[in-house]
Every structure is written in C-alpha cells, then in structure tokens.
Amino acid sequence: MDHFSYKNGELYAEGVPVRDIIDAVGTPFYCYSTATIQRHYKVFADSLEGLDTLVCYAMKANGNLAVLKTLGDMGAGADVVSSGEMDRALAAGIPADRIVFSGVGKTAEELSAAVDAGIMQINVESEPELEALSAIASAKDRHVTVSIRVNPDVDAKTHEKITTGKSENKFGIDIGRAREVFSHAASLPGISPVGIAMHIGSQLRDLKPFREAYENGVTLVEQLRSDGHTIDRIDLGGGLGIPYFEDEGESPPPSPEEYGTMVKAVVGNLGCKVMLEPGRVIMGNAGILVSKVVYVKQGPSRRFIILDAAMNDLIRPSFYNAHHAIMPVAEPAVDAAYEEADVVGPICESGDTFAKQRPMPPLNDGDAIAFKSAGAYGAVMSSFYNARPLVPEVLVTGDKFAVVRRRIEVSDMMAFESMPDWLEGSG
Ligand code: LLP
C-alpha cells in the first residue's frame, strides 16, 4: 500500500500533484511519502506485537535525514554500516541506545567512533574484528555490548548480489564455529557478547529461508546458554521483499503480518529481545523517481523512450536487472494503445537501460513519468557519473512538500577538487 495514485487524471503523492513538484524543482527528483513511510513502519512493528522488539531501520536503504527523523520519531532505531551512517542517524536524533552497527569491514576508526558514541550494539563479523574491538574498548576503559553475527549457510533464494547467508558469502562467522568464537569473545576484556545476529539476504520472497535461519539461531542460543553464556538478544536482520511487479500481476512476497507471525512462532519463547533490521520493506514503496522524456526515438527494431534520469540516479535496473513499474504522471486514457519500448537514460553505455521491451502507453517529449518502488536503494546508490548532478529528494506530507536534499550541482562537485601546484597557471 502506498500513497502514489491517480486523482483526476494526474499522479498525486498523498495530497500533492506530482506536477506541482515538477514545476517547483525540475526533473529528475526522488519523492517520498511520509504517510507511506509511517504506515509501513507501523504495519511492520505491529506485526511483532507481543514480543520485546527493537526495529532498527536499515538506513542503507535510504539515509536522508528527514526520512530518518520521520522513522526515529516513531520509535525506530537504526542499523548502520559505517560511521558515516552512524553520524547521520545521530544527527537525525536517533538515540545511540537504539543504534546497531553491522558490517564486515569496520575500521579501527569506525569501531572507536562507535565505542565513543556508546551505541547499543556492535554486530561483530569476524575474530580479527573481535580482537580489534576488545583492544579499542579496553584502551578507552570502556565496555561494549556485542552480538556475534553468524552465517547460517542458508540460501535466501534471491539475486546473487544480495545473498548474504551462504557460507561462501563474506558475511558473519560460520555458525558451526560460533560456540568456540563466543567463548573466546566472553574471555576478552572490554566487550560483553550478549547475543547473536544474522542477515541472510535482501528482497526475500519466501518465508522458508528466514524460518530455517532463525531456527538455526534458536538452536545456537540454546547451545550458548548451555555453555554458560547469558544470551538476551537475537538480531534477525532485514530482508523481507516488496512487490516490484504489481504492474505485471506477480504474486506479492509474504506480508509483514505473515513474517511477524513466523518470527513470533520461532523466537517468541526464547526470552530474548528481538531486533530487526528492515530497510526495503519500510522505504521501497514509499518513494518514486520522477523523470521527463527527453526524446522518443524509433530505431530499426525498437522504440526508445529516452529519459532525463539515468543509471547514476537509479542503478538497480542496470545492476540487478531489477524491475521498476513506470507510471506516466498524466494518467493514460483507458483505451490508450500500449506499445513495447526500451526505456533508457542518456548515459553513454547500453547498460543505462531501465526497462527492455516494456509495454508503454503513448509518451511524447516533455511528458513526465515516475518509477515506482524507488524509495529504497535509489538515491543512496546514486553517483556523479557523466558529471550528472545528484538529483533532489522531496518529502511529501498531506498536501505539503519540502525539498529535503537539494540538487547537488556540478559546481558543488568541482568544489571538492583542486589543481596540483604544477598545473596551476600552466597551458
Ligand atoms: N541488515 C543488514 C546487515 C544488511 O546487510 C541489510 C541489507 C539489511 C539489514 C536490510 O535489508 P532489507 O530489509 O533492505 O532487504 N542494493 C540492493 C540491496 C542491498 C541490501 C544490502 N543489505 C538493492 O538495491 O536491491
């Protein structure tokens, strides 16, 4: 359920005509709906009612400060994967005691910053990281709470680039060695291992792999307790998928309610605080990328709809062959004739393609379209490739909207660069 729909033949974001935002900020831009963000967070959190939980929004999905503040105000914590993300979460007012730090390659500087900030938990993913964290915390005379991220060797059956819970993936510590590593962790100064964490992948469309991984986690918690450890937290990661193919009639992934029921059944009696790290399911369908058609070009074998947005703005189609539904901002007539077209960006590589042979309604130069489900892993993965400005981000609530990140212009980009002295005044 989202709040992007047609009213009187025009696409609206909540109570705002998308056309008004186009007129105010130009294209391309990302647009997020507050009501959708809040609804998704609430549905997810409500699905776990009865459990002692902390929902730590995986801000890698969308780290805009206004988005973070919207979620933080509802009680969400944050799952961060760099000290940069930690700084952003803190700046948006998410308290340190609701922040979890994940990631395979946290540097000494990042661990040190996390210890200084006094965050709730660091999810440690390797033995060298355990040793490093122990040394850093003891040198500061501090004690940090850690969970050990285990790799349960479960196939999440999702895209290979976003599968994280197989033994050949770089993440976590092999679950078979977890007891040994946990005992070692418990003997180290400066750290208190209190729980286990896992995250098996993203955009999962089936509850089975989740259930299998969580059951393995429950068994491990019981073993660790029988080894004499006090285990009071289990972090189940994120990964619940969202419908991307609604326009093509694909059956939707499990709902948060179905996911919550399964979580309660598997870990409900463990006596642990249950932490979750959803990203996409909160933000994915809460955002659109709005773009304009620059040209429509008829090639010898296909029609190309060339947009002013490109792979640098939304890389998911090029990188993961991801499907994003496309809605014209002006609602197509009921009897509109759809014809197949390739929807592409202007960047100089063929991979800059959003959709191949997609049935599209009639579109002309200057018409605007919106990519749906672009709120997660959209703006955060954008780049300056081809010296293209970073597009603005707009947040809507009711009938109001605000630019929450302005366009980052080419002049901003160039301001980060400098000429070495031997080139100054040459030529
Ligand atoms: N926790 C950890 C440790 C993670 O690595 C991730 C995502 C999440 C939570 C959140 O997963 P989610 O609920 O959003 O599925 N760029 C890719 C997705 C990468 C996901 C990486 N890790 C995409 O555009 O599909």
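Bear in mind these aren't lab numbers, they're just calculated from the coordinates by the rules spelled out. Small disclaimer: the values here were computed from a predicted structure and weren't measured. Ideal geometry is used to build each Cβ from the backbone, glycine not excepted, and the neighbour counts take in all protein chains shown.
If you wrap the tightest convex hull around every Cα atom of the stretch 356-427 and split its volume per residue, you get 214 Å³. A Cβ-based charge dipole, computed about the Cα centre of the chain with Lys and Arg at +1 and Asp and Glu at -1, lands at about 280 debye.
Alpha-carbon geometry of the chain: the Rg and the Dmax are 23.1, 74 Å, given in that order.
Peptides 226-233, 7-14 ranked from most to least packed, by the mean per-residue count of other Cβ atoms within 10 Å: 7-14, 226-233.
Taking each residue as 0.36 nm, the span from ASP421 to SER251 lengthens on full extension beyond its C-alpha to C-alpha distance by 55.2 nm.
For LYS400 and MET74, the difference between the fully extended length at 0.36 nm per residue and the C-alpha to C-alpha distance is 115.4 nm.
For an R0 of 25 angstrom, estimate the FRET efficiency from the Cβ-Cβ distance between ALA265 and ASP52 and round to the nearest 0.05. Rounded to the nearest 0.05, the efficiency is 0.95. Here the convex hull built on the C-alpha positions of the stretch 34-282 has a volume of 113 cubic angstrom per residue.
Expressed to the nearest 5 percent, the antiparallel share of DSSP beta bridges inside the chain is 50 percent.
The order of the peptides 310-319, 293-302, 398-407 by mean Cβ neighbours within 10 Å, most packed first, is 310-319, 398-407, 293-302. In whole angstrom, note down how far apart the Cα centers of the stretch 120-153 and the stretch 34-60 are. Cα centroid to Cα centroid, the span is 27 Å. Selection among VAL67, LEU314, GLY50 by position relative to the dipole of the chain gives GLY50 as farthest towards the positive end (Cβ unit charges, Cα centre). With a Cα cut-off of under 15 Å and a minimum spacing of 8 residues unless on different chains, the lysine pairs in the stretch 125-275 number 6.
Taking 7 Å steps out from each Cα toward its Cβ at PHE304 and HIS143 produces label points 6.4 nm apart. Note on LYS7: lysines with a C-alpha under 28 Å away, same-chain residues under 8 apart excluded, are LYS42, LYS292, LYS372, LYS400.
One decimal place: the segment ALA24-SER226 gains 66.5 nm when fully extended, by the rule 0.36 nm per residue minus the C-alpha distance. Considering only C-alpha atoms, what is the centroid distance from the stretch 172-201 to the stretch 373-427, in Å? Using only Cα atoms, the two centres lie 40 Å from each other. Dimensions of the stretch 45-123 based on its C-alpha atoms, expressed as ranges along the principal axes with the largest first, amount to 37, 26, 20 Å.
Across the stretch 145-156, rounded Karplus estimates of 3J(HN,Hα) from the backbone phi angles (6.51 cos²θ - 1.76 cosθ + 1.60, θ = phi - 60°) give 8, 10, 10, 9, 7, 9, 9, x, 6, 10, 7, 6 Hz, Gly and Pro being marked x. Counting only Cα atoms, the size of the stretch 308-427 along its three principal axes is 65, 38, 27 Å, in decreasing order.
Each 5 Å bin from 0 upward holds the following percent of the Cα-Cα pairs of the stretch 1-142: 2, 9, 17, 16, 15, 13, 11, 7, 5, 3, 2, 1, 0.
The packing ranking, built from the mean of other Cβ atoms within 10 Å per residue, places the peptides 384-397, 58-71 in the order 58-71, 384-397, highest first.
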